[in-house]
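Accompanying notes for the structure given below.
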Amino acid sequence: MITNLREQIQRDEGGYQRFCYQDSRGYWTIGFGRCVDRKIGKGISLAEAEAMLDADLLEFSTSVLAGLPWTYRLDEPRRAVLVGLAYNIGMGDADRGTGLLGFKKMLAAVESGDYPVAAQALLDSKYRKQVGLRCDRLARQLETGEWT
């Protein structure tokens, strides 16, 4: 039953929708018709949120290793800072100064093993103004190589 029902719902909901959209009644919906609207929606469960986070972290870990191959040499806490930044602000573009790749000074310092300079570059960024204590924790982790 579930397989047939799944196919029917996928068809009747108009297929997969990657981004939130408003359905015919104006409620925010995603995926295959999952209503996530605060007013009447189901939202997502903790297990679903954790599964999404795990999938995203795997994707961004892969992106960081592909885009910055030297990061495989880093210890886990320092590589996690870079993956966490990519998760938060995207991989970006070095030429445009966006996302993780826009942190040119920080990345150069990390690659060369100059972690105090890397941490300071992170602290001197616009990112710090946006996220405050989160940036302070990441900078400390980057400098020390210890989880914060």
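The values are calculated or read from the model by the stated rules, or taken from the named source; none is laboratory data. Please read all numbers here as calculations on a predicted model, not as lab measurements. Quick reminder, even Gly has a Cβ in these numbers, built from the backbone with ideal geometry, and neighbours come from all protein chains shown. Each accessible area value is taken on the protein alone, full model and side chains, heavy atoms only, with ligands, DNA and RNA left out. Shrake-Rupley method; radii C 1.70, N 1.55, O 1.52, S 1.80 Å.
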- the range 1-18, residues that are out of contact with any Gly (no Cβ under 9 Å at 6 or more places or on another chain) and assigned to a loop (DSSP other than H, G, I, E, B): M1, G15
- Message: Just checking, does the range 135-144 include any residue being part of a helix (DSSP H, G or I), closer than 18 Å to Y87 by Cβ, within 19 Å of the chain's Cα centre (by Cα) and touching a residue at least 60 places away in the same chain (Cβ under 8 Å)?
- Response: yes
- Is there any pair linking a residue in the range 101-126 that is more than 14 Å from G84 (Cβ to Cβ) to one that is in a loop (DSSP other than H, G, I, E, B) and charged (D, E, K, R), with Cβ under 8 Å and at least six apart or on different chains, and which? G102/R96
- Task: Go through (1) touching a Lys or Arg at 6+ places or on another chain (Cβ under 9 Å); (2) free of Cβ contacts under 8 Å to residues at least 40 places away in the same chain; (3) surrounded by 15 or more Cβ atoms within 10 Å (Cβ to Cβ); (4) not hydroxyl-bearing (S, T, Y) one by one and return the number of the condition N88 breaks.
- Result: (2)
- Only one of these conditions is not met by A94: (1) surrounded by fewer than 14 Cβ atoms within 10 Å (Cβ to Cβ); (2) under 18 Å from the mean Cα position of the chain (by Cα); (3) over 30 Å from T29 (Cβ atoms); (4) small (G, A, S). Which number is it? (1)
- Note on the structure: Residue set V83, V117; condition of a type in the set (A, V, I, L, M, F, W, C) and more than 18 Å from L58 (Cβ to Cβ); output residue V117
- Just give me the residues in the range 97-120 being open to solvent by 20 Å² or more (accessible area, probe 1.4 Å), assigned to a helix (DSSP H, G or I) and hydrophobic (A, V, I, L, M, F, W, C), in sequence order. L101, A108, V117
- What number of residues in the range 19-31 are in contact with a Gly (Cβ under 8 Å, 6 or more places away or on another chain) and open to solvent by 80 Å² or more (accessible area, probe 1.4 Å)? 1
- Message: So if I check each of M1, M91, M106, which one is among the aliphatic types (A, V, I, L, M) and at pLDDT below 95?
- Response: M1
